[in-house]
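Notes follow once the structure below has been shown.
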Amino acid sequence: MQRAFSTLFAASDLADWRPLMASAPDCFALSLASGRLPSRLVETLMEEGSGERLQHLAVNGDVLGDDPELQARLTATGLPKVGEAIAIDRTSRSPWWTLRGCRDILAAARPGEDWTLPGGAVWRLASHGPHRRRALVVCPIGRTARSTLIDIASDLTRAEQLRGLLTVHDHDGGLVQLGHLNQNKLRPEAAEVLRTVLATGDAAPLREAVAVAEGTEGLIEELHELDSLDECLDMLGLRVRPDWEALRRAHADRPFGDHALEALATHPDCLADLRPVASPEAAHATQDEAGRRELAALVAKHLGDDVERWRAVRARLPRFHGDLTDLLVEIGEAAPPKGRAKPAAWPGAGELPAWDKVASVSGNRAKFLALMDAASVETQLKLVKHLDDRTVGDLFGQGVWHDDWLEFAMKARPKLYRLALAQRPSLTAEAIGTLMGRDDPAINARLFLRTAATGPQRERLLSGRLSKDLVERLLERDGGFRGRDAVSCSNTELQRHILTLVRVRGILPQQRLMLNLWERGGPDAVRRLLENEPEGRKFSQKVLRAEARKPVRNLLAEPDADEALEKLRAVVTAGETPEAQAALLRKRGTHPEASEVFREAHLWQWDGLLAEHRREPLGTIVLLGLAEMAECPQALRDEAERQQWRWIRETNEVIVGDTPEEILRDNTAGPWLHVAVREGAVTWEQAAALAQPAENALAAMTGPDARAALAPLVREYLDPSRDSWMLALRMLPDFVGSVTELLHTAALATTAPH
């Protein structure tokens, strides 16, 4: 419906939209979220400043997606409703709002408005992972920025940590609240600035550090750290005018990865040296690859696996200001020292960063890491045995990944290597699973903070031996948990804390939680939970549903506790089988509230569900819902995509008839109209005159050619009569005729007789 409304509006030439907006507010609310809109209508909306209407406009990528100036005007309003819409769009599968747009609206938020209510922008962003929540470091409302620093500091860049500190200083308690923050959670550079501010009482060093980190220096650091194109694009988008010469020099010293170069290449001012160059044939390397190979050859020739030559390079870096290749030649041609003494500590030695931090690599460390990246993996694994802890962390935490590292670390006696790998920000779910095999609380604490950890992995990590540091850290969190985190948590205090912050949705998952608690702590542990049930801080409903609570209460009242436990175990086990899960999906997947089942905290049996689907297809809605889950295997995603396209073809692309009249009269109007027009079977003018029903035809008439065909009809029959417009909008949902018939009927009915 909203697409049909917006198509009509886009074809209009009204000079003043206010009377019609006042007469048909619901129609306008529906139509603003998608499709092209007249520029006069957009200006009217901006001048009116209604949060309700601008909320719909904020998700209209057709209007705002290619208009940075209009985006800036919208974010400058600082309206909570606009912020809510931007937060929703930012978390969708194909968002067009950038991180910068999300930050701009949050930075403009004003106290005293409904920003932190359930469903609002702050609530939505705080309820998700770090890649969505990071924008909150700029929010001046309440303790939003402070909570973000407490909960996800290790996932933030240096610039984001410093910006969060400045927001706390300026809007959330100043020096007093800054003094309460745990400095160990911050990067060393941010912690040092914070200590200076607390010692002097002057925020000037913090403001200066923010300016530097949010400039090109911080961007260079981030482009080396981040491993996804989306994150690189986000960070580049936060810089208005990056220093391209500085970026070029940084790339020459330590080449950026492919995702960083792809992101830089999207900027109109990007230098040629920073653009990835596609090879004309697959057999030829790109220029970037050629540069890396050249550096690798120089490293192999002049340093090889000679530890002392590597030591000499690291010692010379602070005093060497030329090109790295010159330094390699200098070290390689120097005569080896005679009578080598026992080696001293590794030059620039340092400790591995704190367990919940991500080390930043810049300056001399970045240059040395570039050389280590250029070495063979065999050389790297020989070298790490001589490196200091911090440099091992640089390599394993930020270097170009090699699968051999993981095998080496798992077999090596020193725990350092496994700890360094566990702190790698881009650690994959597969690598996390391997490191979990050690069942080491110190390693597991680091793994739990990795964003790639899957739901089942997080559950296993929380169900095992938990380090005191991890429990303390998570008890300080005010968000960032997932629905299943509490189900198997082995620490009851932490479990209760998680239950106050996030719902364990679904009756069976709640019963699984109580079963796990009973098996771990006996029936008294379950009684304590039920008799003193935690209260949700971010939702109003009970933590446990009555349908889950009542049967367990009855079992607790039985005289034989062991037999009661067996009954509960049997119910939960039976409900978690693939057959039971498939039956649940088939039953609820066609219900109007179908989306709820996919939000429940089930431990889905993916292999079994795939087998069930092949035995008896699960249905399009079910497959599409499962495909939205992060852990869904590719095989089921492929099935969902095939089924979706089959459904679209069957419902929207069945074209019957030879002449335009036959085609348009005998087929329900839909997206297939574009195919028919493109193939020359019909024209848009014919579609307006003949395709039925009018609502479907209007929804399909997208694009400039379709609007050009529709515009004369709208101007002839509707503009500038408000009554004609109102009647056409009221008739549209139930009108079975064509668009032309709809508009003509509305005009006739509202025209006074002569």
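The values are calculated or read from the model by the stated rules, or taken from the named source; none is laboratory data. What you see is a predicted model; the values in this text were computed from it and never measured. Every residue, glycine as well, gets a Cβ built from its backbone with ideal geometry; the counts of neighbours run over all protein chains shown. Keep in mind that these areas ignore ligands, DNA and RNA; they rest on the heavy atoms of the full protein, side chains included. Shrake-Rupley method; radii C 1.70, N 1.55, O 1.52, S 1.80 Å.
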Q. Using 1/(1 + (r/R0)^6) with R0 = 30 angstrom and r between the beta carbons of residue 751 and residue 52, what's the FRET efficiency to the nearest 0.05?
A. 0.35
Q: Enumerate by residue number the GluC sites (Glu not before Pro) in segment 668-754 meeting two conditions: DSSP loop (anything except H, G, I, E, B), and at most 14 other Cβ atoms within 10 Å of the site's Cβ.
A: 679
(Q) Just to be sure I understand the curve: with the Debye formula and one point per C-alpha of segment 121-171, what is log10 I(q)/I(0) at q = 0.12, 0.18, 0.19, 0.24 Å⁻¹? (A) -0.19, -0.44, -0.49, -0.79
Q. For segment 212-268, what is the Kirkwood hydrodynamic radius in Å, using each pair of distinct C-alpha atoms?
A. 11.0
Q: Determine one quarter of the surface area of the Cα convex hull of segment 511-560, which equals its mean projected area, and express it in nm² to one decimal.
A: 3.7
Q. Listed here are the pairs 542/587; 385/415; 81/542; 411/468; 385/411; 357/415; which of them are more than 20 Å apart at the Cα?
A. 542/587; 81/542; 411/468
Q) How much of the accessible area of segment 106-178, in percent, comes from carbon and sulfur atoms when a 1.4 Å probe is used? A) 54
Q. For segment 409-491, what number results from the quotient of the Cα radius of gyration and 2.2 N^0.38 Å?
A. 1.03
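In what sequence, highest mean first, do 568-574, 420-426, 388-394, 579-585 appear when ranked by Cβ atoms within 10 angstrom? Mind showing how you got there, number by number?
Details: 568-574: 14.6, 420-426: 23.6, 388-394: 21.7, 579-585: 18.0.
Answer by packing, highest mean first, reads 420-426, 388-394, 579-585, 568-574.
For the chain, what is the mean residue ellipticity at 222 nm derived from helices alone (per DSSP H run of n ≥ 4: -39500 (n - 2.57); sum divided by total residues; nearest 500 deg cm²/dmol)? The partial results should precede the final answer.
Values: 48 runs with 458 residues, N = 754.
Roughly -17500 deg cm²/dmol at 222 nm, from the helical runs in the chain.
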Q) Beyond 53 Å, what share of the Cα-Cα pairs of the chain remains, rounded to the nearest whole percent? A) 23
**Q.** Shape parameters for segment 350-456, alpha-carbon atoms, Rg then Dmax in Å
**A.** 12.9, 40
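How high is the FRET efficiency from residue 685 to residue 249, r the C-beta distance, R0 60 Å, rounded to 0.05?
On the way: r = 59 Å, r/R0 = 0.98.
According to the calculation, E is roughly 0.55.
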Q) By a straight-distance test (C-alpha under 18 Å), which aspartates and glutamates pair with residue 382 as possible cross-link partners, with residues fewer than eight away in the same chain excluded? A) 305, 306, 308, 373, 394, 403, 404, 407
Q.
If you count only protein heavy atoms with a 1.4 Å probe, what accessible area per residue comes out for the chain, rounded to a whole Å²?
A. 46
(Q) I'm a student and want to see the number: the projected area of the Cα convex hull of segment 93-224, averaged over all directions, in nm². (A) 8.3
(Q) Check which residues have an amide H placed less than 5 Å from residue 692's amide H, if you skip close sequence neighbours. (A) 669
Q. Cα convex hull of segment 521-634: how many Å³ per residue?
A. 143
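Give, rounded to the nearest 20 debye, the magnitude of the charge dipole that the chain has about its Cα centre when Lys and Arg contribute +1 at Cβ and Asp and Glu contribute -1 at Cβ. Please list the in-between numbers first.
Details: 95 positive and 111 negative charges, 563 e Å.
Roughly 2700 debye for the chain.
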**Q.** Heavy atoms of residue 463: accessible area, 1.4 Å probe, square angstrom to 10
**A.** 50
Q: List, largest first, the extents of the alpha carbons of segment 203-335 along their principal axes, each in whole Å.
A: 50, 48, 22
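Convert 20 °C to kelvin, take the viscosity as 1.002 mPa s, use the Kirkwood radius over C-alpha pairs of segment 493-586 as Rh, and evaluate the Stokes-Einstein diffusion coefficient in µm²/s, rounded to a whole number. It would help to have the intermediate numbers written out before the result.
Values: Rh = 13.9 Å.
For the chosen part, D equals 154 µm²/s.
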Q) Which whole-percent values make up P(r) of segment 658-714 when all C-alpha to C-alpha distances are grouped in 10 Å steps starting at zero? A) 27, 63, 10
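Taking 0.36 nm per residue of sequence separation and subtracting the Cα-Cα distance, how much length would be gained by fully extending the chain between residue 528 and residue 476, in nm to one decimal? Spell out each step's value before the answer.
Numbers: separation 52, 0.36 × 52 = 18.72 nm, distance 2.29 nm.
Net length gain for the segment: 16.4 nm.
In debye to the nearest 20, how big a dipole does segment 412-563 give about its Cα centre with +1 on each Lys and Arg Cβ and -1 on each Asp and Glu Cβ? Spell out each step's value before the answer.
Values: 29 positive and 20 negative charges, 146 e Å.
Computed about the Cα centre, the dipole is about 700 debye.
Would you mind putting 445-453, 475-483 in packing order, based on average other-beta-carbon counts within 10 Å, highest first? Walk me through the numbers on the way to the answer.
Numbers: 445-453: 21.9, 475-483: 18.1.
Top to bottom by mean Cβ count within 10 Å: 445-453, 475-483.
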Q: Arrange the residues 7, 116 by how much accessible surface each exposes, largest first, with a 1.4 angstrom probe.
A: 116, 7
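Quantify, in whole percent, the carbon and sulfur part of the accessible surface of segment 698-754 (1.4 Å probe; protein heavy atoms only). Present the calculation step by step, with values, prior to reporting the outcome.
Details: 1640 of 2880 Å².
On segment 698-754, the fraction of accessible area on carbon and sulfur atoms equals 57 percent.
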